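Accompanying notes for the structure given below.
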């Protein structure tokens, strides 16, 4: 059944047997506030749905008091007002509170199985409707308010069919999740192997090197031909930035913390205009730079900027480190991702819920490198040869995981929208398997600046 009600963005189609009902007939706004702040704080994410904040990796500021936060009961819908357009909405399995800036809704009647409703609210075509109806001057300021959300028409399959869809999805998604988890374990082992190779090379140098005692915490010895200096000896930092007076229509490719993994991009940078970009999109990167996250550095969001990323714009959550003359940029990047240096950054970070290091403090930390650029290049070539097979395997596994996750998303969308009819499908006995999230899988694109909005 077509649903386009004078909204060209609405391309949804549902079976004719499913009645359509307006949001205000199905849901009501709930605004009950915490009086003592003792409830569990819940997080609303487009990646993980609604989860206790204590179980989630977040970078945004946490308020000291939860008094006045909105109560959310089991079965309630919670929507991150700023990021509903990205799919940050869901049905809660938990009782707790959410930010006062969020919206909480409750079913007026029992029209939905909560699991089906959670799938439906986060289905990509419906999320596109949220986006089309949200208002604001830029993505980090877009809002979907209750009066608009409640104008949307939603399909209401029979309860029996909803339950069959959920049962079918749990079975099929479990199979996909099990495969993803196996490949993630393999990927984790390969990443550990690569980190081990890099650490060993940046600790002991080329095989057969004579060693001397090191003064850096975490390094026992280093090659005799190496030097130990504060980072500022080897690099400059944050050399180029966009001005606040940059034209609104100036186009940028934006690298945020959610984009960046350990020495790799987890997803493509966002292409948008300066006027649309979050306020932290400021730092210009050039080929040869290395960006290092100064927030939650233990996740090792460290990325070498190659030619493809030259001229991109990074978040101010990164320090952009540019090698000085005589420093080989690619080896420097490896050194910045070594365990001893990352551990040093973590020890010198301040804050409990939002640990971060200042740029000045970062530049004071010691790094060990070969004294000559020729030896730096030779060591880099050794590392490249040692990690070549591992790098190929990592790339292959990442592609397989991405393919499986896309398959899962398509399956959920097809079932929830009725494109796959599950009414007469027999589901065998199975054990439900959740997808295992790595620490850096659970960073939302809005995490690093969402606190500004709250």
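The values are calculated or read from the model by the stated rules, or taken from the named source; none is laboratory data. These numbers were taken from a predicted model, which means no experiment stands behind them. Quick reminder, even Gly has a Cβ in these numbers, built from the backbone with ideal geometry, and neighbours come from all protein chains shown.
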Single unsatisfied condition, residue 126 versus (1) out of contact with any strand residue (DSSP E or B) (no Cβ under 9 Å at 6 or more places or on another chain); (2) surrounded by 20 or more Cβ atoms within 10 Å (Cβ to Cβ); (3) in the same structural domain as residue 37 (by TED's automatic domain parsing): (1)
Residue 115 being touching a residue at least 40 places away in the same chain (Cβ under 8 Å), surrounded by fewer than 17 Cβ atoms within 10 Å (Cβ to Cβ), more than 21 Å from the chain's Cα centre (by Cα) and assigned by TED's automatic domain parsing to the domain that holds residue 34: no
Sole exception among (1) at pLDDT 95 or above; (2) within 30 Å of residue 381 (Cα to Cα); (3) touching a strand residue (DSSP E or B) at 6+ places or on another chain (Cβ under 8 Å) for residue 241, by number: (2)
Single condition residue 271 does not satisfy, out of (1) outside any helix (DSSP H, G or I); (2) in contact (Cβ under 8 Å) with a residue 40 or more places away in the chain; (3) touching a strand residue (DSSP E or B) at 6+ places or on another chain (Cβ under 6 Å): (2)
Residue count for region 348-362, restricted to those that are surrounded by fewer than 19 Cβ atoms within 10 Å (Cβ to Cβ) and either in contact (Cβ under 8 Å) with a residue 60 or more places away in the chain or not assigned by TED's automatic domain parsing to the domain that holds residue 233 (or both): 6
Subset tally (residues that are assigned to a helix (DSSP H, G or I), crowded, with 20+ Cβ neighbours inside 10 Å and modelled with pLDDT under 95) for region 140-172: 1
Pick from region 283-308, criterion over 19 Å from the mean Cα position of the chain (by Cα) and not in a loop (DSSP other than H, G, I, E, B), ranking: surrounded by the fewest Cβ atoms within 10 Å (Cβ to Cβ): 307
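For the subset of region 346-381 comprising residues that are part of a helix (DSSP H, G or I) and under 24 Å from residue 55 (Cα atoms), which member is nearest to the chain's Cα centre (by Cα)?
346
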Evaluation of residue 326 against (1) more than 19 Å from the chain's Cα centre (by Cα); (2) surrounded by 20 or more Cβ atoms within 10 Å (Cβ to Cβ); (3) closer than 27 Å to residue 383 by Cα (one fails), failing number: (2)
Test: residue in region 122-130 that is at pLDDT below 90, farther than 24 Å from residue 158 by Cα and assigned to a helix (DSSP H, G or I): no
Residue check, residue 311 over 28 Å from residue 82 (Cβ atoms) and out of contact with any helix residue (DSSP H, G or I) (no Cβ under 8 Å at 6 or more places or on another chain): yes
Matching residues, region 4-31, being surrounded by 14 or more Cβ atoms within 10 Å (Cβ to Cβ) and over 23 Å from residue 133 (Cα atoms): 18
Some residue of region 288-301 being more than 16 Å from residue 264 (Cα to Cα) and in contact with a strand residue (DSSP E or B) (Cβ under 6 Å, 6 or more places away or on another chain): yes
Within region 240-263, tally of residues that are surrounded by fewer than 20 Cβ atoms within 10 Å (Cβ to Cβ) and touching a residue at least 40 places away in the same chain (Cβ under 8 Å): 5
Elements of type strands (runs of 3 or more DSSP E) in region 1-85, at least 1 residues being closer than 20 Å to residue 413 by Cβ and either modelled with pLDDT of 90 or more or touching a helix residue (DSSP H, G or I) at 6+ places or on another chain (Cβ under 9 Å) (or both): 20-22, 42-45, 49-52, 77-79
Verdict on residue 226 being crowded, with 19+ Cβ neighbours inside 10 Å and out of contact with any helix residue (DSSP H, G or I) (no Cβ under 8 Å at 6 or more places or on another chain): yes
Check on residue 101, crowded, with 21+ Cβ neighbours inside 10 Å and either modelled with pLDDT under 95 or under 23 Å from the mean Cα position of the chain (by Cα) (or both): no
Checking residue 119 against (1) assigned to a loop (DSSP other than H, G, I, E, B); (2) at pLDDT 90 or above; (3) touching a helix residue (DSSP H, G or I) at 6+ places or on another chain (Cβ under 8 Å), the condition it does not meet: (1)
Residue check for residue 110: touching a helix residue (DSSP H, G or I) at 6+ places or on another chain (Cβ under 9 Å) and surrounded by 20 or more Cβ atoms within 10 Å (Cβ to Cβ): no
Lone qualifier among 266, 191, 184, 232 - being under 21 Å from residue 386 (Cα atoms), in contact (Cβ under 8 Å) with a residue 40 or more places away in the chain and surrounded by 15 or more Cβ atoms within 10 Å (Cβ to Cβ): 191
